[in-house]
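Structure, as structure tokens:
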Amino acid sequence: MNALLVDLDDYQIEKDRYNLIANFYFLKRRLIPRIKKGLKKGGKVIFETYLLEHRTLAAGGPKQAKYFLERTNFSDSLKTFESYSIVKESSGRAEEERPWQA
């Protein structure tokens with residue numbers, strides 16, 4: 001396994017190169033099609049980002065609304081990957097996602 005830790009804002013994602021691309025808490029919508037093109041056939045993407053409602057939960061993260069997904073456009077964002085199998089998709093609140101946390 002060769003892991004790269006890169007800034008996706010600056011990194012040139014090569015076409016059909018990666019088995020896995022992980023993107024955590026960095027939302028630039030223009031990157032989503034690039035991420036899809038960078039995956040090899042059968043490749044996987046892990047994409048986790050803030051929803052707009054997280055701003056009211058003191059969850060940290062960006063201050064500008066453009067860097068958050070809204071529940072209403074969450075499904076639209078997943079359409080970019082519609083030819084892929086989605087293993088898990090969730091747009092729930094953090095406390096709903098992690099019932100094991102105190």
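Every read-out reported here was derived from the displayed coordinates using simple, explicitly stated rules and does not represent laboratory data. This is a predicted model, so every value here is computed, not measured. Every residue, glycine as well, gets a Cβ built from its backbone with ideal geometry; the counts of neighbours run over all protein chains shown.
Listed values for the stretch 36-42 are Karplus-derived 3J(HN,Hα) couplings in whole Hz (6.51 cos²θ - 1.76 cosθ + 1.60, θ = phi - 60°), namely 4, 5, x, 7, 5, 4, x, and x replaces Gly and Pro. Most tightly packed first, judged by the mean number of other beta-carbon atoms within 10 Å of their residues, the peptides 1-9, 38-46 read 38-46, 1-9.
Multiplying the residue separation of TYR67 and ASN23 by 0.36 nm and subtracting their alpha-carbon distance yields 14.5 nm. Counting Lys +1, Arg +1, Asp -1, Glu -1, what net charge surrounds PHE26 among other residues with beta carbon under 10 Å of its beta carbon? Residues near PHE26 contribute -2 overall.
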